[in-house]
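Participant: Please see the structure below; I have some questions.
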Amino acid sequence: MNVLIVAVYVVFAIAGLLTLWRIIVGPSILDRAVASDVLLTLVMCALGADMVINHHTRSLPALLIIAAVGVFGSIAVARFVARRDNTDR
């Protein structure tokens, strides 16, 4: 069981590093926005896995806040890109 837990955390860490790479290198703002959403989702999954492994629900408020930040951030980026596209025409 401990090997499985370590494997899960290693997979989350590798996915997080690859996502950070996409945020840094991403060729467009939309690539960076999608990568930041993926990173927030990875953090939520890691917190959820921690809750399941350790049998607690103390991280639930943090999960809700991270989800809200992700939704509002996506909406803000979408509105910014839509306004920028309208001014280009």
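The values are calculated or read from the model by the stated rules, or taken from the named source; none is laboratory data. Since the model is a prediction, treat every value here as computed from it, not as a measurement. Here the Cβ positions follow ideal geometry from the backbone for every residue, glycine too, while neighbour counts run over all protein chains shown. Remember, those area values only see protein heavy atoms, side chains included, never the ligands or the DNA or RNA. Shrake-Rupley method; radii C 1.70, N 1.55, O 1.52, S 1.80 Å.
Participant: Tally up the residues in the stretch 50-60 that are β-branched (V, I, T) and open to solvent by 60 Å² or more (accessible area, probe 1.4 Å), please.
Facilitator: The qualifying residues number 2.
Participant: Looking at (1) hydrophobic (A, V, I, L, M, F, W, C); (2) at pLDDT 95 or above; (3) in contact with a helix residue (DSSP H, G or I) (Cβ under 9 Å, 6 or more places away or on another chain), find the lone condition where L17 falls short.
Facilitator: All conditions pass for L17, except number (3).
Participant: Filter the stretch 66-89 down to residues that are over 16 Å from the mean Cα position of the chain (by Cα) and hydrophobic (A, V, I, L, M, F, W, C) and give me whichever is most open to solvent (accessible area, probe 1.4 Å).
Facilitator: Ranking the candidates gives F80 first.
Participant: Hey, among V52, V81, V11, which residue is part of a helix (DSSP H, G or I), of a type in the set (A, V, I, L, M) and touching a residue at least 12 places away in the same chain (Cβ under 8 Å)?
Facilitator: Being part of a helix (DSSP H, G or I), of a type in the set (A, V, I, L, M) and touching a residue at least 12 places away in the same chain (Cβ under 8 Å) holds for just one of V52, V81, V11, which is V81.
Participant: Then there's this: From L47, L63, L18, which residue is part of a helix (DSSP H, G or I), more than 27 Å from D85 (Cβ to Cβ), open to solvent by 70 Å² or more (accessible area, probe 1.4 Å) and without any contact (Cβ under 8 Å) to a residue 40 or more places away in the chain?
Facilitator: Sole residue among the options that is part of a helix (DSSP H, G or I), more than 27 Å from D85 (Cβ to Cβ), open to solvent by 70 Å² or more (accessible area, probe 1.4 Å) and without any contact (Cβ under 8 Å) to a residue 40 or more places away in the chain: L18.
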